[in-house]
């Protein structure tokens, strides 16, 4: 473990989104010095701990000065698939080329990289083209960035966190519930019955920040609760809830085996109650 000092020990790229908010919350809670970047100034970060940054741009001298101080670089920022009419070249520029800049600088400044990746859909789902082009571009670029880190960085110099569908109280606190209700009323039986894996943003953020003080490296899988949209809808309205069976898990597009013992602090039932009651934690 690298010894933390009084400078900006942790550099966080992507502090304004759902997961970014929780990472900032945990960094503040653990009193770890950090500096952050995002496109727009988030409400949850002090002005002196933030700079504006666009992933498609090259790292400038001002940003480089912050990178020099870092012992850990958390890569949570990415061009998201909800931005329509984007070409793959734009996803590559933001999600791959930017990571390459960070890897080149890592050789000189020796920081450890913590990268939040995703678990790719299975091949059968991919071939059926159930994903939009933007989702395909996004997943391809994230996977390419992950492979780039494995190729160019020493194993003990990176931690890749592979996770699934993230939810929680964020900037748009009702988005998760609204999505469930909209899906339920759309008469789409395919999505209604399909098993998904949901994990609360707090659990991921907690693991990321804890890993700063531990010797985690390589690839780690964070697995949440397996449940269908229909079951979530029932949980929101009727408080009915059960975990998916092992057979259902294996049929899920997001199924993966946990490579280490990870205990969730917020399961889906507790998380839904927090959302319904408009609470952060």
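Figures for the structure shown
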{"item": "Any hit, region 76-91, residues being touching a strand residue (DSSP E or B) at 6+ places or on another chain (Cβ under 8 Å) and farther than 26 Å from residue 279 by Cα", "result": "no"}
{"item": "Residue match in region 172-186 (condition: at pLDDT 70 or above and touching a strand residue (DSSP E or B) at 6+ places or on another chain (Cβ under 9 Å))", "result": "no"}
{"item": "Selection within region 222-240 - free of Cβ contacts under 8 Å to residues at least 24 places away in the same chain and assigned to a helix (DSSP H, G or I)", "result": "231, 234, 237, 238"}
{"item": "All positions within region 264-281 that are at negative phi, over 20 Å from the mean Cα position of the chain (by Cα) and either buried (at least 21 other Cβ atoms within 10 Å of the Cβ) or assigned to a loop (DSSP other than H, G, I, E, B) (or both)", "result": "277, 279"}
{"item": "Any hit, region 155-164, residues being touching a strand residue (DSSP E or B) at 6+ places or on another chain (Cβ under 9 Å), part of a helix (DSSP H, G or I), modelled with pLDDT of 90 or more and surrounded by 14 or more Cβ atoms within 10 Å (Cβ to Cβ)", "result": "yes"}
{"item": "Matching residues in region 12-23 - criterion: being under 15 Å from residue 210 (Cα atoms) and at pLDDT 95 or above", "result": "12, 23"}
{"item": "When residues of region 103-124 are limited to those that are surrounded by 14 or more Cβ atoms within 10 Å (Cβ to Cβ) and at pLDDT below 85, the one farthest from residue 218 (Cα to Cα)", "result": "121"}
{"item": "Residues being outside any loop (DSSP other than H, G, I, E, B) and closer than 20 Å to residue 150 by Cβ - total across region 205-221", "result": "7"}
{"item": "Segments classed as strands (runs of 3 or more DSSP E), wholly inside region 1-102, with at least 2 members that are surrounded by 18 or more Cβ atoms within 10 Å (Cβ to Cβ)", "result": "10-13, 34-38, 72-75"}
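The values are calculated or read from the model by the stated rules, or taken from the named source; none is laboratory data. A quick note: this is a predicted structure, and the numbers were derived from the prediction, not measured. Neighbour counts run over all protein chains shown; Cβ positions are idealised from the backbone, glycine included.
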